[in-house]
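The values are calculated or read from the model by the stated rules, or taken from the named source; none is laboratory data. What you see is a predicted model; the values in this text were computed from it and never measured. In this analysis, Cβ positions are derived from the backbone assuming ideal geometry, glycine residues included, and neighbour counts consider all displayed protein chains. Surface areas here come from the heavy atoms of the whole protein model, side chains and all, with no ligands, DNA or RNA. Shrake-Rupley method; radii C 1.70, N 1.55, O 1.52, S 1.80 Å.
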Amino acid sequence: MDNNLIPLKDWAHSKINRPIVISIFLVIILEAFFLINSMLDSVRQKDMLVSQLGNIVSKSIIEQNRPLLEMAFLTSLNQLHAKTIFLCHDGKIITFQGDVNVSCSDENHYSPFYQTETTSPQGMPQYKITLVVPLIVSAYELVIALLVIFIIGIGATISIGRIRKSIQSELIGPLLQVEGQTTNTKIKEVFEIIQSRQRIALLEQQNAVATAKDKLARQVSHDIRSPLAALSSAIKRIIKTLEEEDRVIIRTQIQRISDIANNLLSKNKDATANEESNKHSSLKAELLTSCIETLLTDKRLEFRSFLNLDIEGDLDNSYGLFANVNSTDLKRILSNLINNAREAFDDNKGKIVVRLEEDDCNAIIIVEDNGKGIPSEILAKLGQEGASFGKSTSAESGSGIGLYSARTIIEKWGGTLKIESTVGLGTKMIITLSKITPPEWFLSEIRLKAGSIAVILDDDAGIHQVWDSKFTEAKTADANIEIIHVSTPEGFRECVKNIKGRGIDDAIVTYFCDYELLGHKENGLDLIEEMGLEKRTVLVTSRYEESPIRIRTDKLKVKLVPKMAAGQVPIIIERELSPHTIYNALYLDDDPYLRMGWEKVAKKNGIKLITISIPDEFYKYEGQLCKETTEIYLDSNLGDGVMKGEEFAVILHDLGYKKISMASGYETSTFTHLPWLAVRDKESPWETEDDW
């Protein structure tokens, strides 16, 4: 028997009988209120009539108009239901109406139901008017009022009683009959409904608390991440000048701060987003650096008690690497590989590094440790179901299912899992995934025209320093690019207004806006939409993964840059050449880092080079290319949905261009069907050993 359920009789008493009794009582109280209010109205009316009587008496005495005085007395006697009324002067009665057995000195009540009222005519204190009036206006009216209250009370009792009887006969009775129990029958269904409502209310309360915690976590994370980005950017420029011991301390402490910020966000993500990510069957374009950073944060916190275990991430040169994966599965796989690496250390002392690299077609994740290594005879079996190594004496010993499952999942994604190991030196777990073109929301590179303007809106001074450092590195000053910093919505609006007032072409202004602006109701997207800057703005935020923000940026067609990666995004300066300038070379590649590298080497060697990311951009510069002398270098894989570089080479060859080369890193044999096509590696043809 469920002890939480109450007997039906008790439930009916508390839920039906008690409210009915209270309702009847309230009806009676309400009627009593109306009666008292009516009596108070009578008192107020009596006071008004007495005052009017005083005025009339005063007038009649002055005018010596006795008929007016007697008429006023008679009228007041009737209206006030008075027993008697008389006028005294110098202790003598001048005139009266009603009971004759009165005297000017009599101040007593004439019965328990009457009282004496005295007043003087206005301005004539020597005259005194005395009235003997009832305590209530009329006994008849009192009887009527009490009778009405009684009738209404009886009527309410009968009506509500009928309602009660109907509830008991039509609801309670059938329940008793169906359950076949006595008065101890328990209405389980009703109670379950009540419990459900209570649970819903509790969930709503918990959700409100969770929302508040989520808001606080995002705020704290924002406050940590912004100065951390500036600190990381500054440290990278000077860290090579420090002693090894100092470098280790700085890296470790910066990473600890980053882990705190990442952990705050990862524990407070949108529930819907988590639910979607947990659907193992769903694959989507994931930013690999984000997945790996989150996982590394979790693992550092998990193993924080192992003071001599160092877990590092090498992700500096992996900006913009995407792959079609399930982020939950990928994190689980990497977590398992890091666990395996830790178990390679007998005393939990060692170093684990997770790297993210790329080649022409693939993103490569490497989990490397400097542990004891794996013998070759065991290495060949790893990844097969049931095969494991080094776990027989550990508490976490398993059956090898983790590595086997990892390989199975990765292969379903079209990737590979490879293991390299040397006894005594350590082990590498190498995951290879096909990289994909970054999604539309992601900004792969920043392109600024010479003589243009870049406006930075952020409420954190540290982020402004990161951008300054990045623009200095890109030598924007040499290209006459104006950098403007603002930190508030008001400052941003004023800045946009000033730029327009200067008559500057909108096409040469780029805005980089933070999303959260502390202390202000507006966010970056609000300002972008308000001022119609969608086509020329980049949103820089640590909340780029949140669905509401992503939906809104998609609607506005605004590109996104993760705030922590602001110091990594490539910046390319487009210098305008004369329309009559002929380019020496053209380089087609979808990788922004490679294009930037080629541009730097070409500039150093005085080569007029134009770089493009897709074949369609070629036709913008066709008039500045010479079919006989311009050298054209093409990558093979240009992203999903884009034609191959060798296919575009055939088009260019048909147009009459003579110097066409594949710069893809593939073997020459790959293109033997195109005998006129030169083949080379991906390095710039003007690069020398000095460039290293």
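Some observations on this one:
- Residue in segment 480-490 that is on the phi > 0 side of the Ramachandran plot, surrounded by fewer than 20 Cβ atoms within 10 Å (Cβ to Cβ) and in contact (Cβ under 8 Å) with a residue 60 or more places away in the chain present: no
- Filtering PHE322, PHE345, PHE306 for residues that are open to solvent by 20 Å² or more (accessible area, probe 1.4 Å) and hydrophobic (A, V, I, L, M, F, W, C) leaves a single hit, PHE306.
- Qualifying residue in segment 454-475 (condition: in a strand (DSSP E or B) and surrounded by fewer than 17 Cβ atoms within 10 Å (Cβ to Cβ)): no
- Just one of the listed residues (SER14, SER58, SER51, SER38) is more than 22 Å from ILE85 (Cα to Cα), at pLDDT 70 or above and either assigned to a helix (DSSP H, G or I) or open to solvent by less than 60 Å² (accessible area, probe 1.4 Å) (or both), and it is SER38.
- Verdict on MET564 being within 25 Å of GLY462 (Cβ to Cβ), touching a residue at least 40 places away in the same chain (Cβ under 8 Å), aliphatic (A, V, I, L, M) and open to solvent by 50 Å² or more (accessible area, probe 1.4 Å): yes
- Filtered residues of segment 41-82 (kept if farther than 18 Å from MET124 by Cα, among the hydroxyl-bearing types (Ser, Thr, Tyr) and touching a residue at least 24 places away in the same chain (Cβ under 8 Å)): SER42, SER76
- Within segment 368-385, not a single residue is in a helix (DSSP H, G or I), closer than 26 Å to ALA285 by Cα, open to solvent by less than 70 Å² (accessible area, probe 1.4 Å) and at pLDDT below 90.
- Residue within segment 664-686 that is within 44 Å of the chain's Cα centre (by Cα) and open to solvent by 20 Å² or more (accessible area, probe 1.4 Å) present: yes
- Pair list, Cβ < 6 Å and 6+ apart or interchain, from segment 443-459 residues that are touching a residue at least 12 places away in the same chain (Cβ under 8 Å) to residues that are surrounded by fewer than 19 Cβ atoms within 10 Å (Cβ to Cβ) and of a type in the set (Lys, Arg): LEU443/LYS559; ALA450/ARG575
- Close pairs (6 angstrom Cβ cut-off, 6 or more residues apart or separate chains): farther than 20 Å from LEU287 by Cα in segment 337-364, among the polar types (S, T, N, Q) and open to solvent by 20 Å² or more (accessible area, probe 1.4 Å) anywhere: GLU343/SER394; LYS349/ASN308; GLY350/ASN370; LYS351/ASN370
- Applying the condition of being in contact with a helix residue (DSSP H, G or I) (Cβ under 6 Å, 6 or more places away or on another chain) and polar (S, T, N, Q) to segment 325-334 and asking which residue is surrounded by the most Cβ atoms within 10 Å (Cβ to Cβ) yields SER327.
- Condition check for ASP554: out of contact with any Lys or Arg (no Cβ under 9 Å at 6 or more places or on another chain), touching a residue at least 12 places away in the same chain (Cβ under 8 Å) and open to solvent by 50 Å² or more (accessible area, probe 1.4 Å): yes
- Residues within segment 491-502 that are closer than 15 Å to MET531 by Cα and open to solvent by 20 Å² or more (accessible area, probe 1.4 Å), tallied: 7
- Selected residue (criterion: modelled with the lowest pLDDT) from residues of segment 536-577 that are of a type in the set (Lys, Arg) and in a helix (DSSP H, G or I): LYS563
- Counting the residues of segment 520-543 that are surrounded by 15 or more Cβ atoms within 10 Å (Cβ to Cβ) and basic (Lys, Arg) gives 2.
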